[in-house]
1. Taking a ≥ b ≥ c as the square roots of the eigenvalues of the Cα gyration tensor of segment 11-81, is the shape rounded (a/c under 1.5), prolate (a/b larger than b/c) or oblate?
2. In deg cm²/dmol, rounded to 500, what helix-only [θ] at 222 nm does the chain give when every DSSP H run of at least 4 residues adds -39500 (n - 2.57) and the total is split over its residues?
3. How high is the relative contact order of segment 1-42? Use alpha-carbon pairs under 8 Å, at least six apart in sequence, and give a whole percent.
4. How much of the accessible area of segment 41-81, probe 1.4 Å, is carbon plus sulfur, in whole percent?
5. Largest first, how would Cys26, Cys14 line up by accessible area (1.4 Å probe)?
6. Considering Cα pairs under 8 angstrom that are at least six residues apart, work out the relative contact order of the chain and quote it in whole percent.
Amino acid sequence: MDKNILIDHYLDLCGLACPVNFVKCCLALENLSLNQVLKVDLDVGESETSVIDGLKEKGYKVKIFNRDFKKVTLIITCEQK
């Protein structure tokens with residue numbers, strides 16, 4: 001994945017439980033225009049799985065930008081409105 005992606009909005013959701021992190025992602029995405037990008041940091045595990053699956057189900061393009069043992073960084077693109 002291109003490391004020079006233009007980020008339009010960033011959320012640090014580490015430490016937040018489901019479904020709060022999913023809801024915050026959805027609210028942030030509602031405020032973005034078509035093809036804008038949201039970068040999100042989440043805890044690895046249930047938060048990661050729930051957010052990725054939920055956003056893909058809603059039609060968003062979700063890619064894992066970076067991942068370590070504790071945190072995952074997602075790049076989410078608004079390709080639908």
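1. Working: a/c = 1.82, a/b = 1.54, b/c = 1.18.
Note, shape of segment 11-81 comes out prolate.
2. Values: 2 runs with 23 residues, N = 81.
Using -39500 (n - 2.57) per qualifying helix, the result is -8500 deg cm²/dmol.
3. Answer for segment 1-42 is 62 percent.
4. On the way: 1040 of 2350 Å².
Carbon-and-sulfur percentage of accessible area, whole number: 44.
5. Working: Cys26 15, Cys14 50 Å².
These residues rank, largest area first, as Cys14, Cys26.
6. 33 percent
The values are calculated or read from the model by the stated rules, or taken from the named source; none is laboratory data. These figures come from a predicted structure and were not determined experimentally. Please note that ligands, DNA and RNA were not included when accessible areas were found on the heavy atoms of the full protein model with its side chains. Shrake-Rupley method; radii C 1.70, N 1.55, O 1.52, S 1.80 Å.
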